[in-house]
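The values are calculated or read from the model by the stated rules, or taken from the named source; none is laboratory data. This is a predicted model, so every value here is computed, not measured. Cβ atoms come from the backbone with ideal geometry, glycine included; neighbour counts cover every protein chain shown.
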Amino acid sequence: MSNSKKKNLIVFASGTGTNFLAILQEIQNNNINGRISLLISSKPEAKALDKARQYNIPTAVLQEKKFSCHSEYARTMMDLLKKHQTDYILLAGYLKMIPADIVETYRNKIINIHPALLPKFGGKGMYGIHVHEAVLQAGETETGVTIHFIDEKYDNGPVIMQQKIQVIGSESPEELQQKVLKIEYQLYPHVVKLLCEDKIKIKNNKVIIT
Ligand code: GRF
């Protein structure tokens, strides 16, 4: 592992947080040169928050509706990111749009995992089981996982890595989801490891992995 300073990682999660846990496990196994400084959730009932608390990782819940306006919400998020000297933001099942000024300030520092082969089956409404239902409905013969830097649009931005799996066609959406999640738990920690070793660069909007 690299001898350079550990990267400060902030995880954003609105759901069960199993990807968060997969990354945390690899940090605890000393395979990732980083630490998770904070987990931010958009939902107070997110299971991801319980998981973080269980591992003594600081948490914050940011619900836009609890703020008087969008800019106050965005400023609170920005203050938290600055306070933790954030190197990378890892979206792991985060269901809200990241405020535009945060996308701008942290350009090429925010990554997302999506349970399909983007640009297919991405965008608004394409989350959770809906993605796998749509893949089966379309009769796709393959699906997979995409990890990408985000930009101002949903499920958009330069792709860092994709991994494909075969769709048999007879599986249920839930079975497909489980198969895809298994890949996610390998791929996300792998990409985070490379990021924390400064092995992922971006030039002219193209990702270069060294
Ligand atoms: C994953 O399928 C991920 O690809 C997507 O949201 C889901 C999050 O699952 N962005 P979990 O909260 O990590 O269990």
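Screening Ile150, Ile113 for residues that are touching an Asp or Glu at 6+ places or on another chain (Cβ under 8 Å) and under 21 Å from Ile10 (Cα atoms) leaves exactly one candidate, Ile113. Of these, Ile89, Ile36, Ile10, which one is closer than 17 Å to Asn112 by Cα and free of Cβ contacts under 8 Å to residues at least 60 places away in the same chain? Just one listed residue meets the conditions, Ile36. Screening His132 with (1) within 13 Å of the ligand (Cβ to nearest atom); (2) in contact (Cβ under 8 Å) with a residue 40 or more places away in the chain; (3) not aliphatic (A, V, I, L, M); (4) not in a helix (DSSP H, G or I) gives one miss only, at (4).
For region 154-170, what are the residues that are over 30 Å from Asp198 (Cα atoms) and either modelled with pLDDT of 95 or more or among the β-branched types (Val, Ile, Thr) (or both)? Listed by number, the residues that qualify are Gln166, Val167, Ile168. Counting the residues of region 30-52 that are over 17 Å from Leu9 (Cβ atoms) and basic (Lys, Arg) gives 2.
You will find that of Tyr55, Tyr73, the residue that is within 23 Å of Asp151 (Cβ to Cβ) and surrounded by fewer than 19 Cβ atoms within 10 Å (Cβ to Cβ) is Tyr73 and no other.
For residues that are part of a loop (DSSP other than H, G, I, E, B), in contact with a Lys or Arg (Cβ under 8 Å, 6 or more places away or on another chain) and within 8 Å of the ligand (Cβ to nearest atom), tally how many sit in region 11-32. Give the steps one after another, and end with the answer.
Pass one, region 11-32, residues part of a loop (DSSP other than H, G, I, E, B): 13-17, 29-32.
Retained after the next criterion (residues that are in contact with a Lys or Arg (Cβ under 8 Å, 6 or more places away or on another chain)): 14-17, 31-32.
Now narrow it down to the ones that are within 8 Å of the ligand (Cβ to nearest atom): 14-17.
Looking only at that region, the number is 4.
When region 141-158 is examined, which residues are found to be closer than 15 Å to Ile183 by Cβ and surrounded by fewer than 18 Cβ atoms within 10 Å (Cβ to Cβ)? Across region 141-158, the qualifying residue is only Glu142. Total residues in region 135-165 satisfying the condition of being within 14 Å of the ligand (Cβ to nearest atom) and assigned to a helix (DSSP H, G or I): the figure is 1.
Restricting attention to region 170-210, which residues are outside any helix (DSSP H, G or I) and either free of Cβ contacts under 8 Å to residues at least 12 places away in the same chain or polar (S, T, N, Q) (or both)?
Once the filter is applied, which keeps residues that are outside any helix (DSSP H, G or I) and either free of Cβ contacts under 8 Å to residues at least 12 places away in the same chain or polar (S, T, N, Q) (or both), region 170-210 yields Ser170, Ser172, Lys199, Lys201, Lys203, Asn204, Asn205, Ile208, Thr210.
Pairs linking a residue in region 111-127 that is within 17 Å of Gln137 (Cα to Cα) to a residue that is among the polar types (S, T, N, Q) and buried (at least 21 other Cβ atoms within 10 Å of the Cβ), with Cβ atoms under 7 Å and 6 or more positions apart or on different chains, are Ala116/Thr143; Ala116/Thr146; Leu117/Thr143; Leu117/Thr146; Leu118/Thr146. Taking Leu39 as the residue in question, decide whether it is within 15 Å of the ligand (Cβ to nearest atom) and not polar (S, T, N, Q). Taking the combined requirement at face value, the residue satisfies it.
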